[in-house]
1. Between the stretch 11-47 and the stretch 234-293, what is the separation of their alpha carbon centroids in Å?
2. Semi-axes of the equivalent ellipsoid of the stretch 15-77: what are they in whole Å, largest first, if each equals the square root of 5 times a C-alpha gyration tensor eigenvalue?
3. Debye sum, Cα scatterers, the stretch 203-286, no solvent: what log₁₀ I/I(0) at q = 0.22, 0.25, 0.27 1/Å?
4. Step by step: find N for the stretch 78-117, compute 2.2 N^0.38 Å, then divide the Cα radius of gyration by it. What's the final number?
5. Can you list, largest first and rounded to whole Å, the semi-axes you get for the stretch 43-96 by taking the square root of 5 times each eigenvalue of its Cα gyration tensor?
6. Given an 8 Å cut-off on Cα distances and at least 6 residues of separation, report the relative contact order of the chain as a percent.
7. So how many Å³ per residue does the convex hull of the Cα atoms of the stretch 101-205 work out to?
8. Averaging sequence separations of C-alpha pairs under 8 Å and six or more residues apart, then dividing by the length of the stretch 203-286, give the relative contact order as a whole percent.
């Protein structure tokens, strides 16, 4: 594990993720203090990519829990493989019938709730895998009850399965929670975490990201794409582009042989950066001003 924020920043850069000092420090402290890192910000600011880069840096598996409306503890923690349990029960019954023997109910229950029938969901997998990086993505899409469940698990780094007992992490996973702030996450969960707000990069840093991820991109094109993306984010769009869209746009422009961004190449590749018809129509009518220096 990196021994300083600077060492962590260097390691993250080696994966292609370019952190600023604040991000590297917050991430380093979360890891050293064994606290979850709560990353909040607009879509496309690199929250999920941070967890992916951390997993690569630590040479640890990335275990992802994608939150959604209605997610519950069973989907996050564990479930039982009922079809296999049923087959096992039928096999026991068949064997007992063939031997003209009776079945011991306690023995049946113990064999049915054996670990071989346990389906580990993301959180349980992360607790049992050491080391690991657990990404709890878009926690703002879950409900209050799920937040309360998470708070308990992330505090104890352990879960209790009634039929098996307590399962505790030997080494707690590195936990990254992300939120697009579609709703406010409760203070109780935030207090358990170290907080990090991720904003869109400035133009110079975005150029650096483009050149790092696309080494063959012409210098002029990288600057133009970053500047145009910066202007698009300042416009009143349904869905402003994130860094992922900037990268897609730059990649699309390179694939069609563009050495620089002009009205024609921009118009033909807008689908890589804008995902709503209203946004594309509006921007297409303002390409001259978008590309003006």
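Derivation of every value follows stated rules applied to the coordinates shown; laboratory data play no part. These numbers were taken from a predicted model, which means no experiment stands behind them. Quick reminder, even Gly has a Cβ in these numbers, built from the backbone with ideal geometry, and neighbours come from all protein chains shown.
1. After rounding, the separation between the Cα centres reads 28 Å.
2. Rounded to whole Å, the semi-axes are 22, 14, 13.
3. -1.01, -1.30, -1.49
4. 1.20
5. Here the semi-axes work out to 40, 16, 6 Å.
6. Values: 427 pairs, mean separation 62.8, N = 293.
RCO, the chain: 21 percent.
7. 144
8. With pairs under 8 Å counted, the relative contact order is 30 percent.
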